[in-house]
Amino acid sequence: MGERTRQALPSVLSVLLSLVVCWQLIALTRDTDGTAVATAAYLEMLWGGIGDWPRFIEGAAVTVLTRPLGEAAMKAALLTLTGLSVAVAFKVGLFNIGAQGQMLLGALAAAVVGAHVTLPGVLHIPAALLGAAVAGAAWAGIAGALKLYRGVHEVISTIMLNWVAVRLVDNWLVVGPLRGVAEAGASISGTAEIHPTSQLPRLLGDSSRLNLGFILAVVAAVTVWAWLARTRSGFETRAVGLGDEAARAAGIPVARRAGFAMALAGALAGLAGAVLVLGTEGRYPGTLGAPYGFDGIAIALIGNNHPLGVGAAALFFGVLRAGGTRMQLLDVHKSFPELIQGLALLFVAGRLIWLAALRRRSTPTVATAAPPAPAAQVPHA
Amino acid sequence: MSLDIGAGELLAVVGENGAGKSSLMNVLYGLYHPDSGEVSVDGRSVRLKSPGDAIALGIGMVHQHFMLVPTLTVAENVVLGREPTRRGLFDWERAVREVAATCERFGFVLDPRARVDTLTVGSQQKVEIVKALHRGAQVLILDEPTAVLTPQEADELARVMRGLVAQGRTVVLISHKLKEVLGVADRIAVMRRGRLVAEVRPSETSATALAALMVGESQRAVTGHAAASGEKLPSDALMEAVGLPVRGDDGRPAPGGGEKPGDVLLEATGLQARGDNGCPALRGVDLAVREGEIVGIAGVDGNGQRELAEVLTGLRPLTAGRGTLLGGALTGLTPAQARARGVGHVPEDRLRRAVVKALSVEENIALGRHTGPPFARGLWIDFAGRRERAQTLLASYDVRPPEPTLPLQALSGGNQQKVVVARELDARPRLLVVVQPTRGLDIGAVAQVHARLREARAQGTGVVLVSLDLEEVLALADRVYVLFEGRVTGQFTRAEYDEREMGRRMLGAEQAHG
């Protein structure tokens, strides 16, 4: 078994197991035909995520494919960006619980640049994205600076900053100074509508919400992967995360690497906010309730904190969540995809058990020399 | 392999790193499970599924790294896991009484009320032994017990072990130190490459004969290397490894030192620095190192040696004093600057300071040198160059297994150390700071590390060798500084070496007559 397979297998098995468990749970909620309903619900969820291929083959319009795919892709894009945010911080040994707050700040910055700055189309989108990335990075930078200069644990500070972000943005700026005013004096909720020049272009026609944000997320995942795996500074970042004292002795600027990774984490979460505002919402809405920042923690852990693993996990759960609403056709609650995600996270957390089980199977060529319990898998607490 | 352990005997198991000693003992202690074969206790075949099973069968183990809770008292540590209770609550007084009784029964002088972190390393080890005995261990396995002890503490431990055997307990001692094994064991089992190659009685053998048995075919590697470097190995290596110092390199003056001194690499006066606990650890050290010499730093553990090494490598700031290191100031030195100037470092705490155990072997070889060729090209990692260099070094230093992609933690301690030494010397440092470079290494690896240090000296590198093993210092160093409580209490050149006088200086006798 290759090293990559061995790394990915616990996550794959966890997801499969959670699918089985949820299937069983749906079946149990029915008095009759439980298993048949559960299977049908899963199929609905699938067609709702990757497009309704059966109906398309029967001759329905192409929108039965593009609409669901658009929904799945946009959810996947947001999960990818917030998942990367958590994963990047994790690589340098920090636990970023604050992707939600960073996303809020990024969303607000994108909404402000999109609505209040006038720029030609080629520049407006990059400017709004940049603004969002900077805002997210700055918000994460507060936690990073508190950690580096005052020794404040980043878990505590990022959780608190999430609340500060909600109060600051949702409860003040968006209902106060930045509140949008519609024509004819009628008030609307949220900030002013963004200029069309800052809208992320849609890629599959107007009926599908698939837009440039998805491409952005894919590029972000590949870029982060290439940075971590292929560059000197990425190597230094990983070394700091896995052994900061040894990294320091090797002449690596530990504080700079940690600070950069934390800022990058914030920038990625900020971009998620921008994709939400510039791609689908068109303004910062009355409240930005979607907890993609928190989902990012689950996605990062299920993706084993590997940038491409994060992308794969985000894609999978994007499909499930987009399709989840269609399960309601069968009277199955739409929150089951979230339950699947939660269970998968729970099973991934039992990673040590998976690894132990896998090790017992394979011949212990190396295992005899390895320490009995790889406690290094546990994030720095 | 098969091995019988008699009741009431002191069996020593010796062998190179990776020979399988620790694996064997971990099987006996239930940490590893044998692929085939069986373990019998008192003639009954048993399956040891966990250390709990082993403890139930009266097998106790004292690990090389202690498994104690530093902030708890001796008594609390000993009873941990089977605490005496009164009405459901921990009965502290009873724990103290019980532990005191156990100590008395086996002749240990320990205060059960003392907090473990206030004890010396030797006493902490006694706590580990008492813990095993308190749980009714009949067979006690000690893994490299003297690696962390001072000579006096090691002697004390030998007495303790003999005392246990006299009371009918069985002791299995895993060790590299042949002299010590010969002095204390009833029987010696020699392992090599996972096999038992000999079982001998101390009266029938000698350190040299044991060493030859242990090294076996890997001796060829040592010989081959020695021929290449023109040194008088392997007999030197064997003698050193068994603890018999080779004096004076056969009277040969050190290249670059002695007759024609090389350039001064390091010159420092009045160095002061604080230790981890914030107390002054260096209180004014003067030091000079020239090209092509090995300068030994001798002293009892905790007298400022570690802090001195950290100051020289930029890891610890100076609080006073000044110095010139390879053309730059010593004050404000960072680890990156130290490396850039040509300082190599083999630190004492390998897993914390020298390597990142979860990274691969080749990534660890690149660590600290990853910014330039052959490890990087511009901002990018040069995978091909790194792999090639790693393979060359692994072969040249006989690292087993020579797999650059394995995580470093899959290697044994000795092989990890070889990777560190290979990396640091491959950088061709002008000044090399090595701390306890052979602690816990087997005979073959010790010989190799020593040969490499001499080779570096021959090429003009100045070496600062910090070692708690005075014999190692005497065997390698051209000059020796003795440190006591953060001050230099003695300086000796090779012609002046006098172990007894050095010992006195190590205990603080500064003004004694030389």
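Among what's in segment B:20-38 and is among the polar types (S, T, N, Q) and closer than 12 Å to residue B:141 by Cα, pick the residue that is nearest to the chain's Cα centre (by Cα).
Here the answer is B:22.
Quick check: anything in segment B:368-385 in a helix (DSSP H, G or I), without any contact (Cβ under 8 Å) to a residue 12 or more places away in the chain and either farther than 25 Å from residue B:265 by Cβ or in the same structural domain as residue B:289 (by TED's automatic domain parsing) (or both)?
Of segment B:368-385, the ones in a helix (DSSP H, G or I) are B:383-385.
With the extra rule that they be without any contact (Cβ under 8 Å) to a residue 12 or more places away in the chain, the set shrinks to B:383-384.
Next, from what is left, pick out any that are either farther than 25 Å from residue B:265 by Cβ or in the same structural domain as residue B:289 (by TED's automatic domain parsing) (or both): B:383-384.
Scanning segment B:368-385 turns up at least one residue that is in a helix (DSSP H, G or I), without any contact (Cβ under 8 Å) to a residue 12 or more places away in the chain and either farther than 25 Å from residue B:265 by Cβ or in the same structural domain as residue B:289 (by TED's automatic domain parsing) (or both).
Can residue B:470 be described as of a type outside the set (Lys, Arg) and in contact with an Asp or Glu (Cβ under 9 Å, 6 or more places away or on another chain)?
Yes: the conditions hold for residue B:470.
Just checking, how many residues over segment B:272-283 are of a type in the set (S, T, N, Q) and assigned to a loop (DSSP other than H, G, I, E, B)?
Qualifying residue count, segment B:272-283: 1.
Residue-wise test of (1) in the same structural domain as residue B:293 (by TED's automatic domain parsing); (2) at pLDDT 75 or above; (3) of a type in the set (S, T, N, Q); (4) closer than 30 Å to residue B:458 by Cα.
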site	(1), (2), (3), (4)
B:149	no, no, no, no
B:161	no, yes, no, no
B:167	no, yes, yes, no
B:171	no, yes, no, no
B:190	no, yes, no, no
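Hey, among the residues in segment B:320-335 that are at positive phi and loosely packed, with under 13 Cβ neighbours inside 10 Å, which one's modelled with the lowest pLDDT?
Among residues in segment B:320-335 that are at positive phi and loosely packed, with under 13 Cβ neighbours inside 10 Å, the one modelled with the lowest pLDDT is B:327.
Which pairs have Cβ atoms under 6 Å, sit 6 or more apart or on different chains, and link a residue in segment A:313-333 that is closer than 20 Å to residue A:303 by Cβ to one that is among the charged types (D, E, K, R)?
Matching pairs, first to second residue: A:318/A:75; A:321/A:75; A:322/A:71; A:322/A:75; A:324/A:334.
Filter segment A:186-228 for residues that are crowded, with 21+ Cβ neighbours inside 10 Å and within 14 Å of another protein chain (Cβ to nearest Cβ) and give the result.
A:228
Would you pick out the residues in segment A:239-258 that are under 25 Å from the mean Cα position of the chain (by Cα) and at the interface with chain B (Cβ under 7 Å from one of its Cβ atoms)?
Passing the criteria: A:239, A:242.
May I ask you to say which residue of B:421, B:488, B:466 is away from chain A (no Cβ under 14 Å) and out of contact with any Lys or Arg (no Cβ under 8 Å at 6 or more places or on another chain)?
Sole residue among the options that is away from chain A (no Cβ under 14 Å) and out of contact with any Lys or Arg (no Cβ under 8 Å at 6 or more places or on another chain): B:488.
State all residues of segment B:357-375 that are among the aromatic types (Phe, Trp, Tyr) and either crowded, with 24+ Cβ neighbours inside 10 Å or facing chain A (nearest Cβ under 7 Å) (or both); if no residue qualifies, say none.
None; the set is empty.
Here are some residues: A:280, A:231. Which one is of a type in the set (Ser, Thr, Tyr), away from chain B (no Cβ under 14 Å) and surrounded by fewer than 24 Cβ atoms within 10 Å (Cβ to Cβ)? Spell out the reasoning first.
Details: A:231 fails: away from chain B (no Cβ under 14 Å).
When all the criteria are applied, what remains is A:280.
Counting just the residues of segment B:7-30 that are in a loop (DSSP other than H, G, I, E, B) and at pLDDT below 80, which one comes out farthest from the other protein chains (Cβ to nearest Cβ)?
B:16
Could you list, in sequence order, the residues of segment A:331-358 that are in a helix (DSSP H, G or I) and either under 13 Å from the mean Cα position of the chain (by Cα) or surrounded by fewer than 17 Cβ atoms within 10 Å (Cβ to Cβ) (or both)?
Passing the criteria: A:339, A:341, A:342, A:346, A:349, A:352, A:353, A:356, A:357, A:358.
Give the residue, chosen from B:455, B:388, B:403, that is part of a loop (DSSP other than H, G, I, E, B) and surrounded by fewer than 22 Cβ atoms within 10 Å (Cβ to Cβ). Write out each step before concluding.
Details: B:455 fails: part of a loop (DSSP other than H, G, I, E, B); B:388 fails: part of a loop (DSSP other than H, G, I, E, B).
Step by step, each of B:455, B:388, B:403 is checked, and only B:403 is part of a loop (DSSP other than H, G, I, E, B) and surrounded by fewer than 22 Cβ atoms within 10 Å (Cβ to Cβ).
Checking residue B:175 against (1) polar (S, T, N, Q); (2) more than 22 Å from residue B:111 (Cα to Cα); (3) loosely packed, with under 15 Cβ neighbours inside 10 Å: exactly one of these is not met. Which one?
(3)
Taking residue A:169, is it more than 14 Å from chain B (Cβ to nearest Cβ) and modelled with pLDDT under 95? Steps first, answer last, please.
On the way: more than 14 Å from chain B (Cβ to nearest Cβ): yes; modelled with pLDDT under 95: yes.
Yes.
Go through segment B:376-387 and give me each residue that's of a type outside the set (A, V, I, L, M), within 9 Å of chain A (Cβ to nearest Cβ) and in contact with a strand residue (DSSP E or B) (Cβ under 6 Å, 6 or more places away or on another chain). So that I can check it myself, show each step before the final result.
Step one: filter segment B:376-387 for residues of a type outside the set (A, V, I, L, M), giving B:377-378, B:380, B:382-383, B:385-387.
Subsequent filtering for residues that are within 9 Å of chain A (Cβ to nearest Cβ) retains B:378, B:380, B:383.
Scanning segment B:376-387 gives a single hit, B:380.
If you check B:12, B:19, B:7, which single one turns out to be closer than 23 Å to residue B:161 by Cα, among the aliphatic types (A, V, I, L, M) and touching a Gly at 6+ places or on another chain (Cβ under 8 Å)?
Answer to the check: B:7.
Can you tell me which residue among B:41, B:46, B:62, B:14 is in contact (Cβ under 8 Å) with a residue 12 or more places away in the chain and more than 30 Å from residue B:399 (Cβ to Cβ)?
B:41
Which one of B:338, B:390, B:354 is in contact with a helix residue (DSSP H, G or I) (Cβ under 6 Å, 6 or more places away or on another chain) and within 9 Å of another protein chain (Cβ to nearest Cβ)? I'd like the intermediate steps shown before the answer.
On the way: B:338 fails: in contact with a helix residue (DSSP H, G or I) (Cβ under 6 Å, 6 or more places away or on another chain); B:390 fails: within 9 Å of another protein chain (Cβ to nearest Cβ).
Selected residue: B:354, the only one of B:338, B:390, B:354 that is in contact with a helix residue (DSSP H, G or I) (Cβ under 6 Å, 6 or more places away or on another chain) and within 9 Å of another protein chain (Cβ to nearest Cβ).
Residues A:240, A:175: which one is β-branched (Val, Ile, Thr), more than 23 Å from residue A:79 (Cα to Cα) and at pLDDT 95 or above?
Unique residue meeting the criteria: A:240.
The values are calculated or read from the model by the stated rules, or taken from the named source; none is laboratory data. None of the values given here were measured: they were computed from a predicted structure. We place every Cβ from the backbone using ideal geometry, glycine too, and count neighbours over all the protein chains shown.
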